[in-house]
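Heads up, the thing below is written out as structure tokens.
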Amino acid sequence: MDAFIDRLDYPLYIVTAAADGERAGCLVGFGSQCSIQPVRFTVWLSKVNRTFRIAEAADHVGVHLLTPEQHGLAELFGGRTGDDTDKFADLAWTPGHAGVPVLDAAPAWFIGRIEARSDAGDHVGLLLDPVEHSTAESSGGGVFRLSDASGISPGHPVD
């Protein structure tokens with residue numbers, strides 16, 4: 001299976017959540033549109049990270065695209081844990097629908113209502129119904145992908 005997976009270079013996303021007066025966010029490698037009509041998207045959160053714990057109590061999450069040039073933002077959300085770092089402290093963000101943090105620098109994002117949760121081992125899938133979205137007028141420049149994150153060490157181990 002490694003030979004198959006090693007060929008993939010899928011997009012990475014920053015997922016944000018807010019619940020009970022706390023906010024969190026992480027870099028996510030597993031996510032995709034999963035329905036055309038109605039439009040649905042699923043993101044998969046690792047059970048060991050703080051964003052998962054905050055999202056457990058949330059009704060909505062945000063999903064943000066980055067460009068390859070936004071490596072620093074990907075490093076912040078993928079290479080540090082919210083257990084030790086307030087990732088939003090020195091970052092421009094705006095509360096979106098249901099108080100979900102929206103990263104001002106993201107060229108495209110949406111907030112989705114969590115319709116269902118699916119336990120799949122070390123990750124839980126969140127089936128999202130998009131309720132708010134935005135795309136910057138000049139959102140060219142490509143999408144941040146797995147290959148762009150090669151130097152980022154995870155903020156949390158897998159287990």
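The values are calculated or read from the model by the stated rules, or taken from the named source; none is laboratory data. In this text, all values refer to a predicted model and were calculated from it rather than measured experimentally. Every residue, glycine as well, gets a Cβ built from its backbone with ideal geometry; the counts of neighbours run over all protein chains shown. Accessible surface is based on the protein model in full, side chains and every heavy atom, while ligands, DNA and RNA are left aside. Shrake-Rupley method; radii C 1.70, N 1.55, O 1.52, S 1.80 Å.
A few points about this structure:
- Within the stretch 103-126, tally of residues that are over 22 Å from PHE144 (Cα atoms), at pLDDT 95 or above and open to solvent by 30 Å² or more (accessible area, probe 1.4 Å): 6
- Candidate set from the stretch 25-68 (those that are polar (S, T, N, Q) and either in contact with a Lys or Arg (Cβ under 9 Å, 6 or more places away or on another chain) or more than 22 Å from ALA136 (Cβ to Cβ) (or both)); member that is surrounded by the fewest Cβ atoms within 10 Å (Cβ to Cβ): GLN37
- Residue match in the stretch 58-78 (condition: more than 20 Å from TRP109 (Cβ to Cβ), among the acidic types (Asp, Glu) and modelled with pLDDT of 95 or more): no
- Condition check for ASP129: open to solvent by less than 30 Å² (accessible area, probe 1.4 Å), farther than 19 Å from ARG23 by Cβ and not small (Gly, Ala, Ser): yes
- For the stretch 69-102, a tally of residues being assigned to a loop (DSSP other than H, G, I, E, B), of a type outside the set (Asp, Glu), open to solvent by 50 Å² or more (accessible area, probe 1.4 Å) and free of Cβ contacts under 8 Å to residues at least 40 places away in the same chain returns 2.
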